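*Asks:* Here's a structure for you.
The values are calculated or read from the model by the stated rules, or taken from the named source; none is laboratory data. Just so it is clear, the structure is predicted and the values come from calculations on it, not from any experiment. Cβ atoms come from the backbone with ideal geometry, glycine included; neighbour counts cover every protein chain shown.
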Amino acid sequence: MINENPAETFQTPKIFPLPENVLRDVIKKFPTPFHIYDEKNIRENFRRLREAFKWAPSFREHFAVKATPNPYIVEIMARDGAGTDCSSIAELFISEAAGVTGEGIILTSNDTPADEFRKALDLGAIINLDDITHIDYLERNARLPEIISFRYNPADIMNDGNDIIGRPAEAKYGLTREQIFEAYKICLDRGIKRFGLHTMIASNERKASTFIYTARIMFELAVKIKNQLGINFEFVNLGGGLGIPYSPDELPVNLKMVGEGVEKLFREILVPNDLGNVRLAMESGRAMTGPAGWLVSTVLHKKNTYKNYVGLDACMSDLMRPALYNAYHHITVLGKENFPCDRIYDVTGSLCENNDKFAIDRRLPHIDIGDVIVIHDTGAHGHAMGFNYNGKLRSAELLIRENGNVEMIRRAETLDDYFATLNFPNARIAIRN
Ligand SMILES: *Cc1c(COP(=O)(O)O)cnc(C)c1O
């Protein structure tokens, strides 16, 4: 599909926050490839989520740190009142570094090692258990906390499962319906008095109805558990999974509709059951930072064989999503944003791995070696997913501050970093010479 006139046909315009000459200056200072994030965009995304839930008693967003695990990014949202959702010890440390502490942090991990639980307890974080057996594990390896919650897996309740997490019944996460009643009972018997309830069903979901439906399942469950066990839940956490329009043909989640739909259910289900003080929480990652990040890269090579290839200085170690999920990321060419898209290219990285393509059969303007390629919507699950296969090094991360300053918030990896875990005597010396 050729979009000759983007303004008329695009539903979600794909823009880059800096003018061409400014980005070219940034590249002189910080060589490509790099991810660059926009503080203003992140704060706006978070503001829209807060707006949608401003009716809710002390609504809290726990930003899913795994989306963009950089304390500079976490700090932006923390200053505006966000907590964090962590699923590893590193993410707990990032939260702490960014100034998020206590019950602002929720540990929603799975297959959790003991040191993670201990660190979470040290921080006073809320522990959200993924399995009924973790109650004993936690007690044995650390201690039971003052407040606890469980992750509910509603199995076959959701009918439109998702590629990434899969149908809930097939997903490794959470407790079954039977187990979740049992789990709260065990915790009550062991003296725990404060409780929350959690689920995370969708991933990259843009239909408001999915989130409203999730709320219904959770509110009804909270009432059932309350009636059966006499628990007054302090919070219900609806998880993350808010999708974003990766393609210009897509629209963002209608957050206003989500907020209004959830509010209606809150009043219908929770309020009459004396649960009107329940704090609503979400753990959005993607929708906060995804559209606020871009991977900027330079064309190193062009190759014409059975297909036409454009080879970048970035690769899959900077952005896994296209290779891993066959995910679409919009691509623009700096300075050629309004040129006709009359060529077809595969846009590749340099891994010895045929999946290492940012786009396949993509209509783009004519590309020259040295062109700057902007890959859109890389702010969440982008740099974060990077890896070192093939000895490739992960890129730097930059941040455009609200005053327009561009800061490097993580340097690119060096060969020294790559060899730092090796003891082999000459390996590290060789790269320095
Ligand atoms: C990944 C994850 C999130 C965030 O998901 P997004 O799709 O980035 O919103 C939230 N909660 C848990 C438990 C997760 O694993």
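*Asks:* When you go through 384, 412, 380 one by one, which is the residue that is among the small types (Gly, Ala, Ser), buried (at least 19 other Cβ atoms within 10 Å of the Cβ) and in a loop (DSSP other than H, G, I, E, B)?
*Replies:* Criteria check complete, one pass: 380.
*Asks:* Name the one entry in 211, 181 that is under 18 Å from the mean Cα position of the chain (by Cα) and either at pLDDT 85 or above or among the hydrophobic types (A, V, I, L, M, F, W, C) (or both).
*Replies:* Every option except 211 fails the conditions.
*Asks:* Find all pairs meeting these conditions: Cβ atoms under 7 angstrom apart; at least six residues apart or on different chains; first residue within region 271-290 and within 8 Å of the ligand (Cβ to nearest atom); second residue in a loop (DSSP other than H, G, I, E, B) and of a type in the set (Val, Ile, Thr).
*Replies:* Note: pairs meeting the criteria are 286/244; 287/244; 287/253; 290/244.
*Asks:* Filter region 336-355 down to the residues that are surrounded by 16 or more Cβ atoms within 10 Å (Cβ to Cβ) and under 29 Å from the mean Cα position of the chain (by Cα) and list them by number.
*Replies:* Hits for region 336-355 are 345, 346, 347, 348, 349, 350, 351.
*Asks:* Report the residue count in region 171-195 for those that are among the small types (Gly, Ala, Ser) and within 13 Å of the ligand (Cβ to nearest atom).
*Replies:* 2
*Asks:* Output the number of the condition that residue 222 fails; it satisfies all remaining conditions of (1) of a type in the set (A, V, I, L, M); (2) within 16 Å of the ligand (Cβ to nearest atom); (3) in a helix (DSSP H, G or I).
*Replies:* All conditions are met except number (2).
*Asks:* Kindly indicate which of 363, 343 is in contact with an Asp or Glu (Cβ under 8 Å, 6 or more places away or on another chain), modelled with pLDDT of 95 or more and away from the ligand (no atom under 16 Å from the Cβ).
*Replies:* Result: 363 is the single residue among 363, 343 that is in contact with an Asp or Glu (Cβ under 8 Å, 6 or more places away or on another chain), modelled with pLDDT of 95 or more and away from the ligand (no atom under 16 Å from the Cβ).
*Asks:* Which of the following residues is within 13 Å of the ligand (Cβ to nearest atom), free of Cβ contacts under 8 Å to residues at least 40 places away in the same chain and under 30 Å from residue 188 (Cα atoms): 112, 108?
*Replies:* Unique residue meeting the criteria: 112.
*Asks:* Cβ-Cβ below 7 Å, separation at least six or inter-chain, first residue in region 407-430 and under 16 Å from residue 390 (Cα atoms) and among the acidic types (Asp, Glu), second at pLDDT below 90 and outside any loop (DSSP other than H, G, I, E, B): which pairs?
*Replies:* From region 407-430, the pairs are 416/431.
*Asks:* If a residue has to be surrounded by 24 or more Cβ atoms within 10 Å (Cβ to Cβ), assigned to a helix (DSSP H, G or I) and β-branched (Val, Ile, Thr) to count, how many in region 61-93 make the cut?
*Replies:* The number of residues fulfilling the criteria is 4.
*Asks:* Could I ask something else about it? Residue by residue through region 286-303, note down the ones that are buried (at least 24 other Cβ atoms within 10 Å of the Cβ) and outside any helix (DSSP H, G or I).
*Replies:* 293, 294, 295, 296, 297
*Asks:* Residues to consider are 181, 233; find the one that is touching a Gly at 6+ places or on another chain (Cβ under 9 Å) and in the same structural domain as residue 271 (by TED's automatic domain parsing).
*Replies:* Of the residues listed, the single one that is touching a Gly at 6+ places or on another chain (Cβ under 9 Å) and in the same structural domain as residue 271 (by TED's automatic domain parsing) is 233.
*Asks:* Step by step: first the residues of region 94-110, then only those that are touching a Pro at 6+ places or on another chain (Cβ under 9 Å) and either assigned to a loop (DSSP other than H, G, I, E, B) or of a type in the set (S, T, N, Q) (or both), then the one that is surrounded by the fewest Cβ atoms within 10 Å (Cβ to Cβ). Which residue is that?
*Replies:* Checking each candidate, the answer is 99.
*Asks:* So, in region 174-190, exactly how many residues are part of a loop (DSSP other than H, G, I, E, B), out of contact with any helix residue (DSSP H, G or I) (no Cβ under 7 Å at 6 or more places or on another chain) and surrounded by fewer than 21 Cβ atoms within 10 Å (Cβ to Cβ)?
*Replies:* Adding up the residues that qualify gives 1.
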